[in-house]
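Report on one structure; see the data block that follows.
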C-alpha cells in the first residue's frame, strides 16, 4: 500500500526504495516521506487500493472463498452468531 501511495503521488524514488526493502518499519517510514502527499486525496484512493488488493488476494486463493452467501446475510442471521 505504501508503494501504491508513492506511485499515485508520482514519487518514483520512494516507490523504488519501498520495493527494495523487506523491513516493514522502513517501508512505513518511507511511506510517510512521499512527496506531494495529500491526505484528503489519499483517503479516497486508498479505499480503492485496499479493495483491489484484497480482491486479488482472495480471488487467487480458492480456499479463502466463502460460499455461504452474501456477507450481510451471514452476519444478520441469528443462528449463525453462535
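Each reported figure results from applying straightforward, stated rules to the coordinates on display, with no laboratory input. Given the structure is predicted, the values throughout are model-derived calculations rather than measurements. Cβ placement follows ideal geometry from the backbone for every residue including glycine, while neighbour counts extend to all protein chains displayed.
If r is the Cβ-Cβ distance from residue 1 to residue 59 and R0 is 30 Å, what FRET efficiency results, to the nearest 0.05? If you can, show how the numbers build up before the last one.
Working: r = 18 Å, r/R0 = 0.60.
Here the calculated transfer efficiency is 0.95.
Can you tell me how much longer the chain between residue 52 and residue 19 gets when fully stretched, taken as 0.36 nm per residue apart minus their C-alpha distance, in nm with one decimal?
Fully extending the segment from residue 52 to residue 19 adds 10.0 nm.
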